[in-house]
Every structure is written in structure tokens, then in C-alpha cells.
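The values are calculated or read from the model by the stated rules, or taken from the named source; none is laboratory data. Worth saying up front: this structure is predicted, and the values here are computed from it rather than measured. Cβ coordinates were reconstructed from backbone atoms using ideal geometry, including for glycine residues, and neighbour counts include every protein chain displayed.
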Ligand SMILES: Cc1cc2nc3c(=O)[nH]c(=O)nc-3n(C[C@H](O)[C@H](O)[C@H](O)COP(=O)(O)O)c2cc1C
């Protein structure tokens with residue numbers, strides 16, 4: 001790997017003063033909360049963390065990137081086979097405004113089921 005790429009990977013978690021890794025850790029309980037709902041809950045944790053950080057005056061971003069999907073990283077973090085990284089929440093003070101992007105029309109993303 002070229003040296004500049006090594007440096008890029010080595011400093012990924014230094015792009016913000018705080019990075020919180022959120023791990024989905026569903027428990028398989030036959031009459032309990034479905035695994036799917038437990039997994040969604042990890043996403044809700046991420047989203048709430050973003051909102052809390054933003055409400056507290058910080059900038060925050062939810063990233064996964066390749067290291068959220070790599071078994072070697074899971075091993076280093078001590079995850080079990082049933083656990084998965086839901087995301088890394090980068091939190092810090094914004095140095096510039098985020099770039100806007102084209103947004104899809106809400107009309108094309110939603111559907112109504114009339115009574
Ligand atoms: C589950 C999840 C994973 C994401 N992973 C990445 C990522 O790996 N790289 C990236 O550039 N953006 C990623 N994003 C998007 C950024 O967090 C994005 O800035 C955020 O969704 C807000 O931007 P938006 O308002 O344009 O959607 C991810 C978003 C979510 C919800």
C-alpha cells in the first residue's frame with residue numbers, strides 16, 4: 001500500500017475529536033423482541049446521537065466506510081459473530097458548512113394507503 005494511503009487509513013479516527021462506534025448486539029429470544037427490531041434500534045441509537053450532538057452545538061456525521069464491514073476490524077474490537085457495527089458517529093466542531101446535495105422528491109419516496 002502506498003505511504004499516503006497508509007497514512008489516510010491510520011488517521012481515519014482522527015478526523016473528529018470523538019468517534020463513537022455503535023454495535024448492534026441482538027439477542028435471539030424466541031418470544032422476545034425480533035432481531036430485526038433490535039438491529040433497527042442500533043440505527044436509532046446512531047440517529048439519536050446525531051440529533052443530541054447537533055442539539056448541543058456540535059457537528060456530527062454517521063459513517064460506516066469499509067471498516068464497518070470487515071471481519072478483521074470486528075475481531076480487533078472484540079465483537080462476537082452475532083454483533084455488527086451499525087456505524088461510527090463522528091462528533092466535533094464544524095470548521096465549515098456541510099455541502100448540500102440534490103434531494104429526491106418526497107412524492108417519489110412516499111406512498112399513501114387511503115382507507
Ligand atoms: C447508515 C449510514 C452509513 C453511512 N455511511 C457513510 C459512509 O460510509 N461514507 C459517507 O461518505 N457517508 C456515509 N453516510 C452518509 C453521511 O452520514 C451523510 O452525511 C448523512 O447521511 C447526512 O447527509 P445527507 O443530509 O446528505 O443525507 C452514511 C449514512 C448512514 C445513515
Could you grab me the full set of residues in region 62-115 that are over 16 Å from residue 21 (Cβ atoms), free of Cβ contacts under 8 Å to residues at least 40 places away in the same chain and surrounded by 10 or more Cβ atoms within 10 Å (Cβ to Cβ)? 94
Is it the case that residue 54 is within 15 Å of the ligand (Cβ to nearest atom) and either loosely packed, with under 12 Cβ neighbours inside 10 Å or modelled with pLDDT of 95 or more (or both)? yes
Could you check, for region 22-30, whether at least one of its residues is modelled with pLDDT under 95 and either within 16 Å of the ligand (Cβ to nearest atom) or surrounded by 10 or more Cβ atoms within 10 Å (Cβ to Cβ) (or both)? yes
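I need the helices (runs of 4 or more DSSP H) fully contained in region 1-88, keeping only those with at least 3 residues that are closer than 28 Å to residue 100 by Cβ.
Filter on region 1-88 gives 35-55.
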Out of (1) at pLDDT below 95; (2) under 21 Å from residue 8 (Cβ atoms); (3) away from the ligand (no atom under 13 Å from the Cβ), the one residue 99 does not meet is (3)
Among the residues of region 31-48 satisfying the criterion of being within 12 Å of the ligand (Cβ to nearest atom) and either under 15 Å from residue 83 (Cα atoms) or in contact (Cβ under 8 Å) with a residue 12 or more places away in the chain (or both), which is surrounded by the fewest Cβ atoms within 10 Å (Cβ to Cβ)? 47
So which residues in region 57-90 are away from the ligand (no atom under 12 Å from the Cβ) and over 18 Å from residue 26 (Cα atoms), if there are any at all? 57, 58, 70, 72, 73, 76
